[in-house]
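Below: one structure, written as structure tokens.
Since every read-out is calculated from the coordinates, none of them should be taken as a lab result. Please read these numbers as outputs of a predicted model, since none were measured by experiment. Backbone-built Cβ (ideal geometry, glycine too); neighbour counts: all protein chains shown.
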Amino acid sequence: MKKRKIDYPKLDSFFQPKAPKFNQKLNQPENVERTELPTTSSVAEVSPSTSYCPSDLPHLAKDQSPSAPSNISKAFQYIDPVEYKPGKLDDRQRRLLLCSKREIKTTFQYPKNNQGRRFNKEWENQFEWLRYSESTDGAYCAYCIAFHFDPESHDREFVSKGFTDWKNAQGEKRGALRCHENSEKHKISRYKSTEFLLCTEESKPNIKEYLSSAYKEKIEGNRAALLSIIDIVLALAKRNIPFRGNWIKEKQAEDGNFNFFINWKANHDNDLQKHLTNASPRAKYLSPTTQNELIVCCEAEIQQNIKSRMLNASFFSVMADETTDESKLSQLSICVRYVDWTAKTPEVAEDFIGFIEVQRTDAETITTAIIDTLQGKWSLDTDKLRGQGYDGCSSMSGEISGVKQRIKERYPKASILFTVDRIN
């Protein structure tokens, strides 16, 4: 038989034994050389999702072994146990070893050893893990081969060296088969094999599903906590309440409205309380930077809702007013009026769509800022523009070169003019 190098996957940590008193370290080389196992059509079709293994395997007690149904030998091609290399098996080979059973031919005669004794076929029915090798006339343990406890151990009997002492095979105290079954190493291998079969049969979630479930719960908890923080951000913003407060030197803390309401809501919100207790100080979403980011996200959501309503409107009007704040910065306030058809009954809606910083307050600069905002930021069809609303200053409402006239020249249908006193 040919030999080739194969990269085997590492053993899933889920199959590590739970008993802390045992040495759980397994030797799992990534590149090993093994004898290529013979393949048949029945073996090639086997996959981890194929339901050939027992579906009702229980969690084992100390004196129990998993039992396989009688039809398993028909589902898997039996391979001599000496073909398996302990400590170097992949999951497909483990499944094949654990689920396959040897079909005993009625005409087969077990050879006798020097003492005139031979293997008893009834032992395989008594010990589920027992596998007989016709090539070596020896008995092997399927569990210990599939999940070898310590590849460097000198105790290789039933694993890499077949058991052949048929005289001492049975017996309550000195029987080798019973002694091996009660050994700690065998129990660990039996536990791993049972858990492995349960996972491949999908009777029990594997470690990836456990981790995925824990990760999903963590995400849901973080989202619930973040939604609580966003609720506070929206409540303060709607009431125009400042977030920050005074710095208390004695407590080395800020006495702000945002922190106050966070602590208040945590008393009634388990998700938020858990988040504040367990989250890293750098991942609590309470910093001023995070507050500003949440405000910007809320702004984007509001703008998207306004845009979706306006896209359904047949026409709209624009209102604008310029003002200078305390820092001597000129800003242009823009609002739109339209008929909201998304409501149960059509109604006139008036929405503020933002501030625009302008370098100058002349009519041309303001006109360009309004058109660019409607077309660029809001992606509105300015051909639907029908009305304009400004205050009475000449730069806005001038009949010759005001903003009103400049927009009317570009969009002749925007001829309806109405006066607004203040929208800032």
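Observations on the structure shown:
- In this structure the amide hydrogen of His148, modeled in the peptide plane, comes within under 5 Å of the amide hydrogens of Gly87, none closer than 5 places in sequence on its chain.
- Of the residues Arg117, Arg282, the one with the fewest other Cβ atoms within 10 Å heads the list, and the complete ranking is Arg282, Arg117.
- In order along region 237-248, the Karplus-derived 3J(HN,Hα) couplings, from 6.51 cos²θ - 1.76 cosθ + 1.60 at θ = phi - 60°, round to 5, 5, 8, 6, 9, x, 7, 7, x, 8, 8, 9 Hz, and Gly and Pro are given as x.
- Of Ile188, Ile79, Ile230, the sequence from fewest to most neighbouring Cβ atoms within 10 angstrom is Ile230, Ile79, Ile188.
- Sorted by Cβ neighbour density within 10 Å, fewest at the top, the residues Phe315, Phe418: Phe418, Phe315
- Rounded to the nearest 20 debye, dipole of region 208-286 from Cβ charges on Lys, Arg, Asp, Glu: 180
- Counting Lys and Arg as +1 and Asp and Glu as -1 over every other residue whose Cβ lies under 14 Å from the Cβ of Asn114, the net charge comes to +2.
- Descending Cα extents along the principal axes, region 309-419, whole Å: 44, 31, 24
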